[in-house]
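Only one structure is covered here, and it is reproduced in the block below.
The values are calculated or read from the model by the stated rules, or taken from the named source; none is laboratory data. Being a predicted model, the structure only gives us computed values, none of them experimental. FYI the Cβ positions are ideal-geometry reconstructions off the backbone, even for glycines, and counts take in every protein chain you see. Note: areas computed on protein heavy atoms with side chains; ligands, DNA, RNA excluded. Shrake-Rupley method; radii C 1.70, N 1.55, O 1.52, S 1.80 Å.
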Amino acid sequence: MGLIIKLMINFPCAKINLGLNVVSKRNDGYHNLETVFYPIPLTDALEIKLMDEGFPSPVACDLKVTGNEILGNEQDNLVVKAYHLIAEDFQIPRIHAHLYKRIPSQAGLGGGSSDAAFMIRLLDERFRLNIGIAEMERYAAKIGADCAFFITAEPSYATGIGDILAPVDGPKGNLNKYYITIVKPNVAIPTKEAYQMITPKQTTKSCQDIVKQPIETWRDELTNDFEEPAFAQHPVLKEIKEHLYASGALYAQMSGSGSAMFGIFRENPQGIEKLFNNMFVTTLKL
């Protein structure tokens, strides 16, 4: 009789930033910011199963990564970092993990952070660790500034370095039934480099307040401080934004420090992918 292998799977989601303002530089070298994190239904897939005691693996978290844009050594992946972070405080067995990537890397969509947070969630559920949401968020924040958001993946107003979260509503409650088109050109913008091009400044109106207004008002008020230097360096990003507005987007912006651009539409923008040859393009219903 064969062994019964229990698999567990979840689906780490991407996020967009609705507004992103860098308000001050901190003494620790990081920056304080204000942004609204909003989850979107573009997902990776993360699966774990117990490793047999006799399996000759030199590592405790045997990760295999497939899908698009596979970068670097798998043991350097944030999923493995999340496993070891939890293993420091809890006795958990060795595992096999399979991460299937659909969220583009280096896009400002939080894919790596989401994968790590969802690994923490999987370990908590699979091994009945009963860590609790607040404590899982604390672990996640050690991995990356936006990682804590993905523990609940609920729309949030983020301050500090992106780790202080408060609930937030979108227009009339949320963006349900709108459509979002994500466009990611073959452009990479390292986060450290992006911050070096920013001059921090206090905002006169918080993005938390702006997103509560009708979405039609966002174009004139909701800004991402990273756009201006990114557009100067990579004009294709500005062109994508202009194409999104020309296609009927109610609001368009770069997500995070880039390089993914998004447009929010009231109706499904049919055939929009034809405008963006040789780029990652997907349209999703929110």
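Figure legend. Inter-residue proximity from the range 130-152: first residues closer than 13 Å to GLY162 by Cα, second residues β-branched (Val, Ile, Thr) and open to solvent by 30 Å² or more (accessible area, probe 1.4 Å), beta-carbon distance below 9 Å, spacing 6+ or different chains. Indicated pairs: GLU137/THR152; ALA141/ILE161; ALA145/ILE161; ASP146/ILE161; ALA148/ILE164. Contact map, the range 5-28: first residue in contact (Cβ under 8 Å) with a residue 40 or more places away in the chain, second residue acidic (Asp, Glu) and surrounded by fewer than 15 Cβ atoms within 10 Å (Cβ to Cβ), Cβ cut-off under 9 Å, separation 6 or more or different chains; pairs are ILE5/ASP52; MET8/GLU125; ASN10/GLU125; GLY19/GLU221.
Filter the range 213-250 down to the residues that are basic (Lys, Arg) and closer than 25 Å to ASN174 by Cα, then identify the one that is surrounded by the most Cβ atoms within 10 Å (Cβ to Cβ).
Within the range 213-250, the subset basic (Lys, Arg) is 219, 238, 241.
Imposing the further condition that a residue be closer than 25 Å to ASN174 by Cα reduces the set to 219, 241.
Numbers: ARG219: 14, LYS241: 20.
By that ranking, first place goes to LYS241.
The single residue among ASP124, ASP163, ASP169, ASP89 that is open to solvent by less than 50 Å² (accessible area, probe 1.4 Å) and of a type in the set (D, E, K, R) turns out to be ASP124. If you go through the range 251-286 and keep only what is open to solvent by less than 70 Å² (accessible area, probe 1.4 Å), part of a loop (DSSP other than H, G, I, E, B) and free of Cβ contacts under 8 Å to residues at least 60 places away in the same chain, you end up with just GLY271. Scanning the range 96-113 for residues that are open to solvent by less than 30 Å² (accessible area, probe 1.4 Å) and hydroxyl-bearing (Ser, Thr, Tyr) turns up SER105, SER113.
Are any residues in the range 127-145 open to solvent by 30 Å² or more (accessible area, probe 1.4 Å) and over 18 Å from ILE95 (Cβ atoms), and if so, which ones? ASN130, GLY132, ILE133, ALA134, GLU135, GLU137, ARG138, ALA141, LYS142, ALA145, listed by residue number. Please indicate, with yes or no, whether at least one residue in the range 254-262 is under 18 Å from the mean Cα position of the chain (by Cα), modelled with pLDDT under 90 and of a type in the set (Ser, Thr, Tyr). Within the range 254-262 (the criterion being under 18 Å from the mean Cα position of the chain (by Cα), modelled with pLDDT under 90 and of a type in the set (Ser, Thr, Tyr)), the answer is yes, since at least one residue qualifies. Taking the range 106-200 and the helices (runs of 4 or more DSSP H) fully enclosed by it, the elements with 2 or more residues that are of a type in the set (Ser, Thr, Tyr) are at 111-126, 191-196. On the stretch given as the range 32-69, residues that are farther than 19 Å from MET8 by Cβ and crowded, with 18+ Cβ neighbours inside 10 Å total 9. Cβ-Cβ contacts under 9 Å between residues 6 or more apart (or on different chains), taken from a first residue in the range 45-70 that is closer than 21 Å to ILE86 by Cβ to a second residue that is assigned to a strand (DSSP E or B) and among the hydroxyl-bearing types (Ser, Thr, Tyr), are listed as ALA45/TYR100; LEU46/TYR100; GLU47/TYR100; VAL65/TYR100. Considering the conditions (1) at pLDDT 95 or above; (2) more than 18 Å from ILE86 (Cβ to Cβ); (3) aliphatic (A, V, I, L, M), MET136 is excluded by exactly one of them, (2).
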